[in-house]
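For reference, the structure is listed below as structure tokens.
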2 protein chains.
Amino acid sequence: MTLKQLRLLREIDRQSLNLSAAALALHTSQPGVSRQIQQLERELGAELLLRRTNRILGFTELGRAVLRSAHRLLDEMENITRIAADARDERGGRLTLATSHLHARYTLPEPVRAFSERHPEVQFQLLQADPDDIQKLVESGDADIGVSTEFAREHPSLVQLPGEALRRSAIMPRGHPLSRRRRLTLADFAAYPLVSYHPRSRGGQMITEAFTAAGISARHVVSASDSDVIKAYVAKGLGVAIVPSIAIDPRADGALHAVDVTRLFPESRMTISLRHGVHLRRYLTDFIAMVAPRLERAAVARAMQAGG
Amino acid sequence: MTLKQLRLLREIDRQSLNLSAAALALHTSQPGVSRQIQQLERELGAELLLRRTNRILGFTELGRAVLRSAHRLLDEMENITRIAADARDERGGRLTLATSHLHARYTLPEPVRAFSERHPEVQFQLLQADPDDIQKLVESGDADIGVSTEFAREHPSLVQLPGEALRRSAIMPRGHPLSRRRRLTLADFAAYPLVSYHPRSRGGQMITEAFTAAGISARHVVSASDSDVIKAYVAKGLGVAIVPSIAIDPRADGALHAVDVTRLFPESRMTISLRHGVHLRRYLTDFIAMVAPRLERAAVARAMQAGG
DNA sequence: CAACGTTACGCTCTTCGTAAAGATG
DNA sequence: CATCTTTACGAAGAGCGTAACGTTG
């Protein structure tokens with residue numbers, strides 16, 4: 001068994017059982033791939049791939065099991081190269097970040113700028129995605145780090161680090177009747193149409209649940225997936241909305257009046273997610289420190305070692 | 001990077017930095033070992049070993065980090081061979097079991113006999129050890145399975161499967177004053193010296209804590225580490241004791257009177273511990289089924305996949 | 001016949017073991 | 001000087017790519 005063989009097996013899966021494509025992807029020849037897999041099969045004493053005369057139909061049960069192990073094994077191998085690159089004190093590298101619209105637009109621009117200034121050699125890549133995809137990207141290693149609110153479902157291979165609590169504000173056009181109230185309650189919103197998040201998003205769910213729990217039926221006029229769209233409709237007078245306070249820019253959003261309503265909803269936090277057990281390159285811990293200064297390097301490292 | 005290089009690195013650690021010994025252990029030549037490590041160092045671009053002209057003084061910080069990863073990686077590799085051996089439906093293999101005196105002596109003899117009859121080709125090895133060592137043996141992979149009571153401290157790489165609840169009985173010589181009582185309380189024991197487990201053991205701690213919590217100071221006359229010794233002293237009239245009910249053999253222990261006192265102490269269970277993520281060979285799940293029939297194969301497999 | 005996997009063949013490069021050298025306590 | 005690591009060298013072997021072959025849709 002060699003690392004090359006396992007890498008090939010993984011690539012064959014990625015290329016949906018096309019050996020030629022796998023060979024191309026790994027810069028080698030088709031016959032080489034074919035032979036390496038045969039050799040692995042001979043060593044293990046059982047077939048990994050289901051074949052029908054020069055055609056590959058799928059993985060055997062064993063093949064799938066080996067594939068799962070191969071993934072873990074190769075992840076660990078890539079971890080070693082990461083550790084070494086860090087030890088060499090190499091400046092270069094990549095940082096792939098998966099995040100939601102909210103953080104991409106409002107939380108991260110400044111930390112990302114600061115990071116790029118400090119680590120100009122690091123290729124920074126931002127992937128905007130919805131919560132489910134963020135989670136998948138981090139789990140699979142396609143993203144090094146996720147920035148979002150808490151994930152609904154836990155996963156053993158994920159480490160979630162709680163960051164700043166998220167404040168929420170109700171927004172409405174200036175001069176709106178609600179803007180004269182000192183202290184708003186959920187019931188106050190019942191009289192006005194609500195410009196809300198798409199229910200698929202975490203923020204949308206939470207707000208809907210809060211209204212339902214209070215026995216108040218809110219009338220939704222627009223379901224958008226990001227706060228910029230929501231603000232635009234509120235500014236046009238279509239209704240009121242509840243958005244994270246960081247999404248409000250006092251200067252740019254002069255047409256809007258905002259009232260803090262954090263206390264009306266369950267607490268929610270910006271959350272940094274990482275894959276359990278992966279070595280954190282120095283620039284990555286630097287980045288974390290920029291996004292969530294309260295998370296110390298040591299605390300992060302500890303969380304990565306302990307149970308995921 | 002090759003598996004061979006990582007295997008060598010692990011062996012060098014095991015042989016406390018002696019390359020010659022590592023070469024011997026892995027059936028190769030010293031120069032080969034030396035070159036392979038140099039090659040790995042060249043590829044990683046940094047040194048793994050601290051050298052002083054033809055002498056190896058230790059691991060570098062990087063070396064230790066790589067070693068940790070290498071362990072995980074090689075464990076996964078061995079896992080693949082295990083999976084394959086299982087897929088080949090091979091009958092042979094080894095089963096190393098770490099367990100405490102109690103289970104070795106009373107719970108396991110029959111399951112082990114049945115197992116050996118069903119899987120005569122499997123080399124069965126039983127390691128008797130105290131709880132801490134059982135945990136370490138399973139964590140390190142030196143034992144495939146542990147049978148004991150729950151471990152005090154959790155560990156992410158361990159999976160603990162709860163088995164049968166443990167019943168406890170008070171034992172005393174026949175004709176002892178307590179033997180006339182119908183229903184015993186902790187306070188009843190205060191008047192008599194206690195033959196107890198060594199406080200290091202889990203059973204000993206639990207019993208001591210129960211007395212302390214009830215505000216009763218028990219007088220310990222003998223601290224033994226297994227129930228056979230305890231029974232012998234109780235039979236000699238040195239005091240009363242609380243032991244797992246399974247340790248009492250009505251025929252062999254005719255000189256003793258036993259009263260069930262399970263309800264006086266916190267619940268405790270026989271617990272099977274496995275290493276997280278390791279493939280369970282068929283004979284191992286067979287063995288688990290024999291020891292704890294309530295644990296279904298599927299449930300065990302699920303626990304191994306989910307968070308450790 | 002186009003696409004794909006397997007087999008055949010010749011070449012290169014790696015890797016291994018033996019032997020020798022260098023260094024240390 | 002015994003022990004241990006590194007360097008040198010020659011031989012064996014593994015792995016690769018090109019080319020050819022066989023099959024399938």
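The values are calculated or read from the model by the stated rules, or taken from the named source; none is laboratory data. All figures in this text were calculated on a predicted structure; none of them were measured in a lab. Here Cβ is always computed from backbone atoms with ideal geometry, including for glycine, and neighbour counts include all displayed protein chains. Just so you know, the surface numbers come from the protein's heavy atoms only, side chains and all, with ligands and any DNA or RNA stripped out. Shrake-Rupley method; radii C 1.70, N 1.55, O 1.52, S 1.80 Å.
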Practice task
Quickly run through segment B:279-304 and pick out the residues that are within 14 Å of chain A (Cβ to nearest Cβ) and either without any contact (Cβ under 8 Å) to a residue 12 or more places away in the chain or touching a helix residue (DSSP H, G or I) at 6+ places or on another chain (Cβ under 6 Å) (or both).
Solution key: B:279, B:281, B:282, B:302
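A quick yes/no check of all residues on (1) in contact with a Gly (Cβ under 9 Å, 6 or more places away or on another chain); (2) buried (at least 19 other Cβ atoms within 10 Å of the Cβ):
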{"site": "B:117", "(1), (2)": "no, no"}
{"site": "B:121", "(1), (2)": "yes, no"}
{"site": "B:124", "(1), (2)": "no, no"}
{"site": "B:128", "(1), (2)": "no, no"}
{"site": "B:133", "(1), (2)": "no, no"}
{"site": "B:137", "(1), (2)": "yes, yes"}
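Can you find a residue in segment B:90-103 that is open to solvent by 40 Å² or more (accessible area, probe 1.4 Å), away from chain A (no Cβ under 14 Å) and either more than 17 Å from residue B:272 (Cα to Cα) or within 16 Å of DNA strand C (Cβ to nearest atom) (or both)? Break it down stepwise before answering.
Let us first name the residues in segment B:90-103 that are open to solvent by 40 Å² or more (accessible area, probe 1.4 Å), namely B:90-91, B:94.
With the extra rule that they be away from chain A (no Cβ under 14 Å), the set shrinks to B:94.
With either more than 17 Å from residue B:272 (Cα to Cα) or within 16 Å of DNA strand C (Cβ to nearest atom) (or both) added as a condition, the list becomes B:94.
Checked segment B:90-103: at least one residue is open to solvent by 40 Å² or more (accessible area, probe 1.4 Å), away from chain A (no Cβ under 14 Å) and either more than 17 Å from residue B:272 (Cα to Cα) or within 16 Å of DNA strand C (Cβ to nearest atom) (or both).
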Fill in the blank from the handout: When segment A:264-289 is checked residue by residue, the ones that are over 15 Å from the mean Cα position of the chain (by Cα), outside any helix (DSSP H, G or I) and of a type outside the set (A, V, I, L, M, F, W, C) are A:266, A:267, A:268, A:277, A:279, A:281
Problem - Filter pass, residue A:269 being surrounded by fewer than 18 Cβ atoms within 10 Å (Cβ to Cβ), in contact (Cβ under 8 Å) with a residue 24 or more places away in the chain and in contact with a strand residue (DSSP E or B) (Cβ under 9 Å, 6 or more places away or on another chain) - result: yes
Problem - All positions within segment A:70-89 that are crowded, with 22+ Cβ neighbours inside 10 Å and of a type outside the set (A, V, I, L, M, F, W, C) - result: A:76
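This table checks each residue for (1) touching a helix residue (DSSP H, G or I) at 6+ places or on another chain (Cβ under 6 Å); (2) over 13 Å from residue B:7 (Cα atoms); (3) near DNA strand C (Cβ under 10 Å from one of its atoms).
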position	(1), (2), (3)
B:21	no, yes, no
B:27	no, no, yes
B:33	yes, no, yes
B:41	no, yes, no
B:46	yes, yes, no
B:50	no, yes, no
B:58	no, yes, no
Practice task
Output the strands (runs of 3 or more DSSP E) that fall wholly within segment A:93-168 and possess 2 or more residues being of a type in the set (Asp, Glu) and either touching a strand residue (DSSP E or B) at 6+ places or on another chain (Cβ under 6 Å) or within 22 Å of residue A:265 (Cβ to Cβ) (or both), or say none.
Solution key: none
Practice task
Could you please let me know if residue A:107 is open to solvent by less than 30 Å² (accessible area, probe 1.4 Å) and among the hydroxyl-bearing types (Ser, Thr, Tyr)?
Solution key: no
Fill in the blank from the handout: For helices (runs of 4 or more DSSP H) lying entirely in segment A:3-83, having 3 or more residues that are of a type in the set (A, V, I, L, M, F, W, C) and within 13 Å of chain B (Cβ to nearest Cβ) picks out A:3-14
Practice task
With the checklist (1) touching a residue at least 60 places away in the same chain (Cβ under 8 Å); (2) touching a Ser or Thr at 6+ places or on another chain (Cβ under 7 Å); (3) surrounded by fewer than 16 Cβ atoms within 10 Å (Cβ to Cβ) in hand, flag the one item residue A:276 doesn't pass.
Solution key: (3)
Practice task
Could you look through segment A:139-175, keep only residues that are free of Cβ contacts under 8 Å to residues at least 40 places away in the same chain and charged (D, E, K, R), and pick out the one that is surrounded by the most Cβ atoms within 10 Å (Cβ to Cβ)?
Solution key: A:154
Handout entry: Among residues of segment B:12-29, those that are more than 15 Å from residue B:50 (Cα to Cα) and surrounded by 19 or more Cβ atoms within 10 Å (Cβ to Cβ), counted
Key = 2
Problem - Scope segment A:123-133; condition in contact (Cβ under 8 Å) with a residue 60 or more places away in the chain and touching a Phe, Trp or Tyr at 6+ places or on another chain (Cβ under 8 Å); matching residues - result: A:131
